[in-house]
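All of the numbers you see were taken from the coordinates with simple rules; none came from a lab. Worth saying up front: this structure is predicted, and the values here are computed from it rather than measured. Glycine also receives a Cβ, built like all others from the backbone with ideal geometry; neighbour counts cover every protein chain displayed.
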Amino acid sequence: MTLGATGTDRTTLREIRPRYEGSNICTWIGFKHVNYLVEEAVLDHLRQLGAPAGKLYERHGLGVDITDIDTKILTALHIDDIATATVREAPDRGDGRRLTVEMTVERDGETVKAVVSKVAVQLRLDPRGHPVAEPPAELAAHVVDRLGAGGTPIPLAPGTDPLDHLTAGANAFGWAWRMPYFYCHFTERVQMSGYLRQMEEIVDLFLADRGVSIKTLLDEQDWIPVVPHSRITILDEARMEETLYTVITVENVFKRLTYTARLDAYVLRDGVLVPTATGRITHGWAVIENRRDWSLVDFDDRLINALNGKEGKSEGRGTTP
C-alpha cells in the first residue's frame, strides 16, 4: 500500500511486507530480504516522485542502480509484519542520489524502529543504441556512463590462481562463480541484489569450511546467526557470465558477541583483478527460545576458534556449486 508523498521535502511513505522466501528459520526475515525491502521502498519513492524505473529505462535509456546500501537491523522482522517505510532525500556526496530509509513495525501496540538504511542511486545510461529521450533535467546530475566509485586493480602474475592470491596470508575464504543472468538486470550488469546473494552465500560457505555450518550449530545448539549490520558498495561493473572472485576476510571478533567480515569481489580482465564491489557484514548468534523469539548468546570456544582460523580451516577456497 502506498501512503504517498508528504509535505515539500520529497519524503514518501509506503506500507511494505517481507516476501515469503526470506523466512528461512522460524518466521524471521534474513538480512538479504530486509535489504530487498529497502530496495523496494527506494523504487517506490522514485515512482511516487514521477521517476519510475520502467519509464526511466524505456523512455530515457536509464537503468536505476543501487550502488551503495548500508543497512542496520534494529528489530527482527517477521513474515506477517507490515512495515512502514519512510524514504527521505539525503545530502549529495557525489556518488549518486542519496536517500535514507527507515522502517517501523508495530510491537505490542507500540511503533518500533526496525531498520535504518542509507542508499546511493545512480542512473546508468544504456549504450545499446536504441533511440531515447533526453533525461529529465532534475535527474541529469545522477546519470553516469559506468557504475561505481572506483577501486584499485590488482595485477596478477601469469599462472597465478586468483583465489590463492587474494586469500594468501589472511584469515579469509574465497569463492569463484560464473555470474548467471538472474543476478543481473538491464540486460548485462550484476545488480545490487546479486551482490547481496553473494554475501549471503559466501558467509554460508565460509562457516561450513570452518566446521561451524549453519545447520551444525542449529542441530547441535539451536543457534542461528543474526545480522545487525551489512553494507555493500559497487566499485565497478561486473557483467553477465563473467567469473566473480569473492573473498570474505574476518576483520574483527568483538569479545564473544559479534564478528565483522569484509567482502571483496573481483573480475579478472587481461591479467588484472578489477574490484567490482566491497562491503562488510556483522554477525552475532542467537538461541531459538520458541517459534517466535530468540535471544543473543556469547560465542563458545568452538565458534571463536573457527572464526579466528585456529581450527576447522581448509585451504580457504570454494568453487562453483
Open item on the list: Of the candidates V112, V226, V38, which one comes out as most mobile in a Gaussian network treatment of the chain with C-alpha springs shorter than 10 Å?
Closed with: V112
- [ ] For the range 24-89 and the range 206-250, compute the distance between their C-alpha centroids and round to whole Å.
- [x] 21
TODO: Just grab the label-to-label distance for V287 and N308, each label 7 Å out from Cα along the Cβ direction, in nm (one decimal).
DONE: 2.3
TODO: Would you please name the trypsin sites (Lys or Arg not before Pro) within the range 186-284 that are DSSP coil residues with at most 16 other C-beta atoms within 10 Å of their C-beta?
DONE: K255, R256
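Would you work out the charge dipole size for the chain about its Cα centre, treating the Cβ of every Lys and Arg as +1 and the Cβ of every Asp and Glu as -1, and quote it to the nearest 20 debye?
Dipole of the chain, to the nearest 20 debye: 340 debye.
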Task: Estimated 222 nm signal from helices in the chain, with DSSP H stretches of n ≥ 4 weighted -39500 (n - 2.57), rounded to 500 - done: -6000 deg cm²/dmol
Task: For the range 293-304, Karplus couplings with θ = phi - 60° (6.51, -1.76, 1.60), whole Hz, Gly/Pro x - done: 10, 9, 9, 5, 10, 6, 5, 8, 4, 4, 5, 4
Open item on the list: Antiparallel versus total DSSP beta bridges in the range 29-142: what percent is that, nearest 5?
Closed with: 100
Open item on the list: Can you compute the FRET efficiency between V132 and T100 using 1/(1 + (r/R0)^6), with r the Cβ-Cβ distance and R0 = 22 Å? Round to the nearest 0.05.
Closed with: 0.15
- [ ] Please give the contour-minus-distance gain from T243 to D161: 0.36 nm per residue of separation, less the Cα-Cα distance, rounded to one decimal in nm.
- [x] 28.2 nm
Task: Ratio of Rg to Rh over the chain (Cα coordinates, Kirkwood Rh, two decimals) - done: 0.98
Task: the chain, relative contact order in percent, only Cα pairs under 8 angstrom and at least six apart counted - done: 17
